[in-house]
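Read-outs: derived from the displayed coordinates by stated rules, not from any lab. Because the structure is predicted, anything quoted here is derived from the model rather than measured. A quick note on method: Cβ atoms are made from the backbone with ideal geometry, for glycine too, and the neighbour counts reach across all protein chains shown.
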């Protein structure tokens, strides 16, 4: 066999790795190459024949091979089946929830009916009985307070308060844990009273009782009396303010509640721990109740201690120094004011240094910076400069009391003005 025939035979067959290796070696071993190519073709033909036979045996006679199912269609079928299952589960859950809601409504309705019946039983039995107890206790307390205010005994006596029954109702008043004293002092009740231009007797009676029973427990049990007394006092000082503004136009026009002083005491630095003051009081000045300026003072209390006056009471250090310098510089004018008929009328004829009320304290020697031999040295030793008068309980509750208070203030106008000039 020649090399030319070998090339033609190889061009008709499919090129493979074995044929390429055979072509490279054809120049040296031509006979072996031809035999190798024939063996390769025979082996490939036998392999294809065996595969086709195996496939035909699996399919069987008269059957055709089907195409594999598409992945997209299989996924759609799975999703459709899942959605159907979900819808069936959702419908079942909705039915169960609806049944549960109906059962819950029935239970709530039954419970509300039971609660309403229990509330009705409670209000019928417990609440009404407690309210009846409260009314009984309040009425007994009011009766005892009438005995307290109408007592004419000359010796102090004690009224024992019966403790209230224990109850869970916090609206009931607490049971008193102590006895309350009764004052022997009798407040006058005018036959034609009460008068519009005077203080009501009940106001003085409350203050009288508060002096003996100055504690929070007594105030709690007598809060209504306190409110009535306070209202009466505010009505009276409204008339006082209107008359005072006509005499002294420098006074600030303010509401009575703003001019009235608090009834609570500051007990932080006091040995006396009584929580309440022993009077209703108010103050008028050009700067209001809390101003450092000189002004007018009015207080109502029992046992002939009601007071009306003017001036400066225990001023601060700088204010007191300015007043002392004013006394030194204007001593003649100051003396003349203290000797007027108005001052004599409200002080019982006293003038000069004797016209002033005693202050909280007084210097033993002259103040620093002033001549100790000054003719006004006794005035300079003072720490307060207040003038006024007291009223009896009979005067306080009788007709014409308002006019007496205004006359006192009229006599003090010049003194207030000169003090305010010095204070600045």
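Measuring between their Cα centroids, segment 187-212 and segment 382-424 lie 22 Å from each other.
Among 328-336, 204-212, 311-319, how do they line up from the highest to the lowest mean number of other beta-carbon atoms within 10 Å? Provide the component values of the computation, followed by the final result.
Details: 328-336: 13.4, 204-212: 22.3, 311-319: 15.3.
With the highest mean Cβ count within 10 Å placed first, the list reads 204-212, 311-319, 328-336.
In terms of surrounding Cβ atoms within a 10 Å radius of their Cβ, 347, 365, 392 rank from fewest to most as 365, 392, 347.
Ranked by how many other Cβ atoms sit within 10 Å of their own Cβ, fewest first, the residues 226, 412, 282 fall in the order 226, 282, 412. Evaluate the Debye formula for segment 181-423 with equal point scatterers sitting on the alpha carbons, no solvent, and hand back log10 of I(q)/I(0) at q = 0.09 Å⁻¹, in q order, two decimals. With one equal scatterer per Cα and no solvent, log10 I(q)/I(0) is -0.42.
Calculate the FRET efficiency for residue 372 and residue 394 from the Cβ-Cβ distance with a Förster distance of 45 Å, rounded to the nearest 0.05. Efficiency, rounded to the nearest 0.05: 0.45. Tell me whether segment 349-389 comes out rounded, prolate or oblate; compute the Cα gyration tensor, take square roots of the eigenvalues as a ≥ b ≥ c, and use a/c under 1.5 as the rounded threshold. Here segment 349-389 falls in the oblate category. Placing a label point 7 Å from the Cα of residue 217 along the Cα-to-Cβ direction, the residues of segment 245-282 with a backbone N closer than 15 Å are 275.
By counting other Cβ atoms within 10 Å of each Cβ, how are 387, 377 ranked from fewest to most? If you can, show how the numbers build up before the last one.
Working: 387 21, 377 16.
In order of increasing Cβ crowding within 10 Å: 377, 387.
For the pair residue 246 and residue 227, label points projected 7 Å from Cα toward Cβ lie 3.4 nm apart. A crude spin-label estimate for the pair residue 417 and residue 257, with each label 7 Å from Cα along the Cβ direction, gives 3.4 nm.
Rank-order 295-302, 404-411 by packing density, defined as the average count of other C-beta atoms within 10 Å over each peptide's residues, highest first. Please report the intermediate quantities before stating the final value.
Values: 295-302: 23.9, 404-411: 20.6.
Highest mean packing first, the order is 295-302, 404-411.
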